[in-house]
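Q: My questions all concern the structure below.
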Amino acid sequence: MILAGDIGGTNARLAVFDVQDGHFSLISASVFPSREYTSLDEIVSKFVRTANVRPDAACFGVAGPVRNGRVEASNLPWVIESKRLAQELDLKKALLINDLEANAWGIAFLDPADLVSLNQVKGTPVGNQAVISAGTGLGEAGMYWDGTKHHVFACEGGHADFAPRNELETELLRYLRVRFGHVSYERIVSVFNFLRDTGRGVEPQWLADEMLHSDPAAAISRAAIDGKCGLSEQALDLFVSIYGAEAGNLALKIMATGGIYLGGGIAPKMLPKLAGPLFMEGFLSKGRMQHLLEGIPVKVITNDKVALLGAAHFAVVRTAA
C-alpha cells in the first residue's frame with residue numbers, strides 16, 4: 001500500500017493506492033487546504049488516522065526544490081523533511097520529490113481521455129518531453145528520451161527571469177519589480193492586480209470578496225470564462241499569452257520534440273481560453289524556431305490525480321531498486 005502526496009501552495013492532496021502487477025487502485029483520497037495547517041506532518045498524521053491506513057511506502061511531490069531529503073516549500077511557510085515524515089509514518093524511508101517531477105512520473109499512466117490536444121501535428125513525434133503547470137506558482141519538469149524510454153528530471157524553470165515581449169509586458173515587468181524585486185515567470189499570476197492598479201479596469205466588490213475567501217487565481221478564471229468581469233477577461237488573456245510563451249521557451253530549452261504537457265488544476269478549468277488562439281500564438285512566436293515548435297504536440301492533462309499517480313509510481317520504483 002502506497003501513500004502519495006501532491007503538495008502545493010493552495011491544496012495538499014493525499015491518496016493511498018494498492019499496487020498489483022503494476023496497476024494502481026485508489027483506496028482513499030483527501031484534499032486539505034494547505035494554509036490551514038502548520039506542517040505537512042500534521043496533514044499526514046490526520047489523513048492516515050482518518051483513513052485508517054498503514055502504508056508500506058510513501059512519496060510526496062512538493063512545490064519547491066528538493067535537496068537531500070529536505071525542501072522549503074516555495075509558497076508555504078513549511079520546511080519538509082523526509083526523515084521526519086518517515087518517523088511519523090513508522091517507515092524506514094519516506095521520499096520527497098518536486099511536484100512537477102511527480103506530474104511527469106504520472107504521465108505514463110494517463111489514458112487518451114485524460115488529455116486534450118491544443119494543436120495537431122503530423123506523425124508520431126518522439127523525443128524529450130516537458131510538463132509545465134501554472135497554479136499558485138509556475139512549475140516545470142523534463143523527461144529526457146534515451147531512444148528507448150523517458151527519464152524524469154526536476155527543474156525550477158518557473159523562477160527564471162520573466163522576459164517581456166511588448167510594451168504592455170514591459171510595464172508589467174516594472175510593476176512587478178517594484179513589488180518583488182526579482183521578477184520570474186512564477187510572479188505572472190499577479191497580472192490581475194497589475195491591470196487593476198494601472199487603471200485598466202475596475203475590480204467588482206463581489207469578486208474581491210470571492211478572492212478573499214477562495215483561491216484568487218481560480219476566482220479570476222471563473223469570472224473571465226463566465227464573462228462576468230471585463231478586468232478578469234483582460235487578465236486571463238494576458239496570462240494565457242504569457243503562459244504560452246513560457247511553454248514555448250521550455251520546449252526550446254529542453255528540445256521537447258516529444259511533446260509539452262500542461263498540468264495543474266487551473267488548466268482544465270480554463271480550457272476554452274487555452275484552446276483559443278492566444279496560448280498557441282505565444283507558444284509558436286519564436287522567430288526562426290517557429291517551424292520546430294509547429295511539430296511539437298501540446299496537451300492539457302485533465303486527470304487531477306496525475307501527480308498522485310506519479311508520486312506512487314516513484315515510490316514503487318525506488319522501493320524495488
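Please treat every number below as a calculation from the coordinates, not as lab data. It should be emphasised that the depicted structure is a prediction, and the values quoted were computed from it without experimental measurement. Here the Cβ positions follow ideal geometry from the backbone for every residue, glycine too, while neighbour counts run over all protein chains shown.
Q: What would the Debye formula give as log10 I(q)/I(0) at q = 0.10, 0.11, 0.12, 0.16 Å⁻¹ for the alpha-carbon point model of region 23-172, no solvent?
A: -0.47, -0.57, -0.67, -1.08
Q: Working from the alpha-carbon coordinates of region 52-106, get Rg over Rh, Rh being the Kirkwood radius. Write out the running numbers ahead of the final one.
A: On the way: Rg = 11.3 Å, Rh = 11.6 Å.
Reported Rg/Rh (Cα atoms, Kirkwood Rh): 0.98.
Q: For the pair HIS213 and GLU281, what calculated FRET efficiency results from E = 1/(1 + (r/R0)^6), where r is the Cβ-Cβ distance and R0 = 41 Å, to the nearest 0.05?
A: That pair, GLU281 with HIS213, gives E of 0.75.
Q: Here is a follow-up. List the residues whose amide H sits under 5 Å from the amide H of ASN119, counting only those 5 or more places along or on another chain, with H placed 1.01 Å from N in the peptide plane.
A: The answer is VAL298.
Q: Another question about this same structure. Each residue of region 286-300 in turn: what ³J(HN,Hα) in whole Hz from Karplus with 6.51, -1.76, 1.60 and θ = phi - 60°, glycine and Pro shown as x?
A: 10, x, 5, 8, 4, 4, 4, 5, 5, x, 9, x, 10, 9, 9
Q: Output ³J(HN,Hα) for region 258-270: one whole-Hz value per residue in order, computed from phi by the Karplus curve 6.51 cos²θ - 1.76 cosθ + 1.60 with θ = phi - 60°, and x for Gly and Pro.
A: With coefficients 6.51, -1.76 and 1.60, one gets x, x, 10, 10, 9, x, x, x, 7, 3, x, 7, 10 Hz.
Q: Using the Kirkwood formula on the Cα atoms of region 1-87, what hydrodynamic radius do you get, in angstrom to one decimal?
A: On the way: mean 1/r = 0.0755 Å⁻¹.
Every distinct Cα pair counted, the radius reaches 13.2 Å.
Q: Another question, if that's okay. Translational diffusion coefficient of region 117-156 at 10 °C, 1.306 mPa s, Stokes-Einstein with Kirkwood Rh over Cα pairs, in µm²/s as a whole number. Don't jump to the answer; show the numbers that get you there.
A: Details: Rh = 11.9 Å.
This corresponds to a translational diffusion coefficient of 134 µm²/s.
Q: So how strong a dipole does region 1-142 carry about its Cα centre when Lys and Arg Cβ are +1 and Asp and Glu Cβ are -1, to the nearest 20 debye?
A: Value, rounded to 20: 240 debye.
Q: With viscosity set to 1.002 mPa s and temperature to 20 °C, compute the Stokes-Einstein D of the chain, Rh being the Kirkwood radius across alpha carbon pairs; µm²/s, no decimals. Don't skip to the end; give the middle numbers.
A: Numbers: Rh = 20.3 Å.
For these conditions, the coefficient is 106 µm²/s.
Q: Ok, one more. By how many degrees, 0 to 90 and rounded to 10, does the Cα axis of helix 167-180 deviate from the longest principal axis of the chain?
A: 50
Q: A further question follows. Which whole-Hz couplings ³J(HN,Hα) result when phi for each residue of region 79-94 is put into the Karplus expression 6.51 cos²θ - 1.76 cosθ + 1.60, θ = phi - 60°, listed in order with x for Gly and Pro?
A: So the Karplus estimates, Gly and Pro as x, are 10, 10, 10, 5, 4, 5, 5, 4, 5, 4, 9, 6, 10, 5, 8, 10 Hz.
Q: Here's something else I'd like to know. About its Cα centre, what dipole magnitude does region 172-302 give when the only charges are +1 on Lys and Arg Cβ and -1 on Asp and Glu Cβ, stated in debye to the nearest 20?
A: Numbers: 14 positive and 12 negative charges, 84 e Å.
That gives region 172-302 a dipole magnitude of about 400 debye.
Q: Quickly work out the THR124-to-GLN20 label distance, labels modelled 7 Å from Cα along the C-beta direction, and quote it in nm with one decimal.
A: Calculated label separation equals 3.0 nm.
Q: Can I ask one more? Pairs of Cα atoms under 8 Å, at least six residues apart: use those to get the relative contact order of the chain, whole percent.
A: Values: 641 pairs, mean separation 70.1, N = 321.
The normalised contact order for the chain reaches 22 percent.
Q: Still on this structure, I have one more. Modelled label-to-label distance, LYS228 and ASP161, 7 Å Cα→beta-carbon offset: nm?
A: With each label point 7 Å from Cα toward Cβ, the separation is 4.0 nm.
Q: Let me know the number of lysine pairs in the chain closer than 21 Å at the Cα, not counting same-chain pairs under 8 apart.
A: Lysine pairs, 8 or more places apart or on different chains, close enough: 19.
Q: I would also like to ask the following. Which residue fluctuates the most in the chain, going by a Gaussian network model with Cα springs under 10 Å, if the choices are VAL53, VAL189, VAL44?
A: Per the Cα network of the chain with a 10 Å cutoff, VAL53 tops the list.
Q: Something else: How far is helix 40-51 tilted, in degrees, relative to the longest principal axis of the Cα atoms in the chain, given as a value from 0 to 90 rounded to the nearest 10?
A: 60
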